[in-house]
Amino acid sequence: MEEPMRHVYAERRERFARAMADKEPASVAVFPAAPVYIRNNDVEHDYRQDSDVHFLSGFTEPDSVLVLSTLEGGGVKTTLFVRPRDPEREQWDGPRAGLDGALATFGADQSFPIAELATELPKLLEDRARLYYRPGKDRAFDDRVFAALDRARARAKLGHGYPTEIVDPGTIVHEMRLLKDASSLDAMRRAAEITAIAHAKAMAAARPGMYEFEIEAVLLDTFRRHGSERPAYGSIVGSGPNATVLHHRSNDRLMADGDLLLLDAGCEYAYFASDVTRTFPVSGRFSEPQRKLYDLVLEAQIAGIAAARPGSTLDAIHAACVEVLARGLIELGLLQGTVAEVIETASYKRFYMHKTSHWLGMDVHDVGRYHIARAPRALEPGMVLTVEPGLYVGADDATVDAQWRGIGIRIEDDILVTAAEPENLTRAIPKTVAEVEAAAARASS
């Protein structure tokens, strides 16, 4: 680990410990690593560390546990339980940090073999009044934590205290993750840059007669070539009627002349995600109905981005987009009534059935509360969110004119809330009709 990042993780742990101490000076937090999942037989899925563990330590190995304890007078004691070095296993699976690496590389104050968790964790729980741990996520690990808690409780007769409260650590760390620090934003900007390159390459490559998965391959190749560890989520590559399927996953259709191609794809860089959608004509030119619906979605997105300011809410962003879409759908004859009636009856949901925004960060649908005291949460500088309105007209929707059928459009960008204008992290990706047609036309030139 590079020295600057080691300081970033240490500072995050200090902030986390201060927040624990503000609530209860004698606190301890336990974070288990993400488990290894079996894909089939003895083949494992690619491993990705739990986001909270990585956010607080940078540690990427499985079979590990991070424990953070408040110190009297301030500060934090970091304990890592890890796999010991094992030359034979490392020959098969790659190098391990081991006990020494947990100290020297990852900044732990002490480290233990993971096999000693049952012995050492009860000691870390002794004389602590509050335990920060999230039960229910991994029942097998719950049993290990509760067994350690029982052992700590059993020593009460010797004069030791033990935790009498269990609190979800997400109440602290997820709020930290929601308001991005400088290091987080650096990673997100790089993820956005790589994703922009990939979308531009996909637009230039697509042409009638190609399969959706060929465009998916362009995306994945570009992500990896530019240093992304992995896609942030399964890429949606939906052409023609597949563009009207919100989570189209098979990506196996042969694209035809006249199709729109909806690409919802983003990479992950340094454990931070990008999440972008663009829709463009495979043949390089929008048809007139396609262009009208595209311009409407783009107008709605512009209105939504403009609403992403401090004091606003995700609900307000959604409302701004819905108002534009409702008015446009009425003008185009897809809906009847006034704008107020269309919104009140939610008749627009026939064509726009999802919300407009979600938090973005280490997880694509990132952590952080959406409501405070049952009210929509006010936006603050440092939050990153998506703005992604869309319109989806079913190919077999006989209630609308045939010109609109089978058109699916979504436009999505990653927006940083600042003290002033919203910052569009993915603004480099072609988006206006002219920009998109210019990018897509390269495929047919």
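Each row is one residue, and each column tells you yes or no for (1) under 20 Å from the mean Cα position of the chain (by Cα); (2) polar (S, T, N, Q); (3) outside any helix (DSSP H, G or I); (4) modelled with pLDDT under 95.
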{"site": "121", "(1), (2), (3), (4)": "no, no, no, no"}
{"site": "127", "(1), (2), (3), (4)": "no, no, yes, no"}
{"site": "131", "(1), (2), (3), (4)": "no, no, yes, no"}
{"site": "145", "(1), (2), (3), (4)": "no, no, no, no"}
{"site": "152", "(1), (2), (3), (4)": "no, no, no, no"}
{"site": "172", "(1), (2), (3), (4)": "yes, no, no, no"}
{"site": "175", "(1), (2), (3), (4)": "yes, no, no, no"}
{"site": "190", "(1), (2), (3), (4)": "yes, no, no, no"}
Of the residues that make up segment 216-232, is at least one assigned to a helix (DSSP H, G or I), without any contact (Cβ under 8 Å) to a residue 12 or more places away in the chain and of a type outside the set (D, E, K, R)?
yes
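Please find, within segment 107-119, the residue that is farthest from residue 86 (Cα to Cα) out of those that are hydrophobic (A, V, I, L, M, F, W, C) and part of a helix (DSSP H, G or I).
Taking segment 107-119 as the starting set, the residues that turn out to be hydrophobic (A, V, I, L, M, F, W, C) are 108, 112, 114-115, 117-118.
Still in the running and part of a helix (DSSP H, G or I): 114-115, 117-118.
Working: 114: 13, 115: 14, 117: 18, 118: 21 Å.
Checked segment 107-119; the qualifying residue farthest from residue 86 (Cα to Cα) is 118.
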Return the pairs, sorted by first residue and then second, in which the second residue is among the β-branched types (Val, Ile, Thr), the first residue lies in segment 80-96 and is under 10 Å from residue 61 (Cβ atoms), the beta carbons are less than 7 Å apart, and the residues are 6+ apart or on different chains.
82/114; 83/114
In this structure, is residue 396 buried (at least 18 other Cβ atoms within 10 Å of the Cβ), in contact with a helix residue (DSSP H, G or I) (Cβ under 9 Å, 6 or more places away or on another chain) and among the acidic types (Asp, Glu)?
no
Residues of segment 345-362 being assigned to a loop (DSSP other than H, G, I, E, B) and closer than 20 Å to residue 389 by Cα, which ones?
346, 351, 352, 353, 354, 355, 356, 357, 358, 360, 361
Go through segment 406-418 and give me each residue that's aliphatic (A, V, I, L, M) and in contact with a Lys or Arg (Cβ under 9 Å, 6 or more places away or on another chain).
411, 416, 417
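Residue-by-condition table, conditions (1) in contact (Cβ under 8 Å) with a residue 40 or more places away in the chain; (2) under 17 Å from residue 397 (Cβ atoms):
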{"site": "320", "(1), (2)": "no, no"}
{"site": "332", "(1), (2)": "yes, yes"}
{"site": "337", "(1), (2)": "no, no"}
{"site": "351", "(1), (2)": "yes, yes"}
{"site": "357", "(1), (2)": "yes, no"}
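When the residues of segment 55-83 are filtered to those that are under 20 Å from residue 44 (Cβ atoms) and surrounded by fewer than 24 Cβ atoms within 10 Å (Cβ to Cβ), which remaining residue is nearest to the chain's Cα centre (by Cα)? Even if it seems obvious, please write down each step before you answer.
At the first step, the residues of segment 55-83 found to be under 20 Å from residue 44 (Cβ atoms) are 59-65, 82-83.
Still in the list and also surrounded by fewer than 24 Cβ atoms within 10 Å (Cβ to Cβ): 60-63, 65, 83.
On the way: 60: 18, 61: 20, 62: 21, 63: 23, 65: 23, 83: 28 Å.
Within segment 55-83, the match that is nearest to the chain's Cα centre (by Cα) is 60.
Consider residue 184 carefully, then state whether it is of a type in the set (S, T, N, Q) and part of a loop (DSSP other than H, G, I, E, B).
Numbers: of a type in the set (S, T, N, Q): yes; part of a loop (DSSP other than H, G, I, E, B): no.
For residue 184, the condition - of a type in the set (S, T, N, Q) and part of a loop (DSSP other than H, G, I, E, B) - is not met.
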Would you check if residue 341 is charged (D, E, K, R) and out of contact with any Phe, Trp or Tyr (no Cβ under 9 Å at 6 or more places or on another chain)?
yes
Which ones in segment 168-208 are over 24 Å from residue 425 (Cα atoms) and either in contact with a Leu (Cβ under 7 Å, 6 or more places away or on another chain) or aromatic (Phe, Trp, Tyr) (or both)?
206
Residue 406: passes all of (1) more than 17 Å from residue 239 (Cβ to Cβ); (2) assigned to a loop (DSSP other than H, G, I, E, B) but (1)
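Quick one: in segment 158-170, of everything that is modelled with pLDDT of 95 or more and surrounded by fewer than 19 Cβ atoms within 10 Å (Cβ to Cβ), which residue is nearest to residue 381 (Cα to Cα)?
Filtering segment 158-170 for residues modelled with pLDDT of 95 or more gives 162-170.
With surrounded by fewer than 19 Cβ atoms within 10 Å (Cβ to Cβ) added as a condition, the list becomes 164-168, 170.
Numbers: 164: 36, 165: 33, 166: 31, 167: 27, 168: 25, 170: 20 Å.
Across segment 158-170, the extreme among qualifying residues is 170.
The values are calculated or read from the model by the stated rules, or taken from the named source; none is laboratory data. Note that this is a predicted model, so its numbers are computed, not measured. Methodologically, a virtual Cβ is constructed for each residue, glycine included, from the backbone with ideal geometry; neighbour enumeration extends over all protein chains shown.
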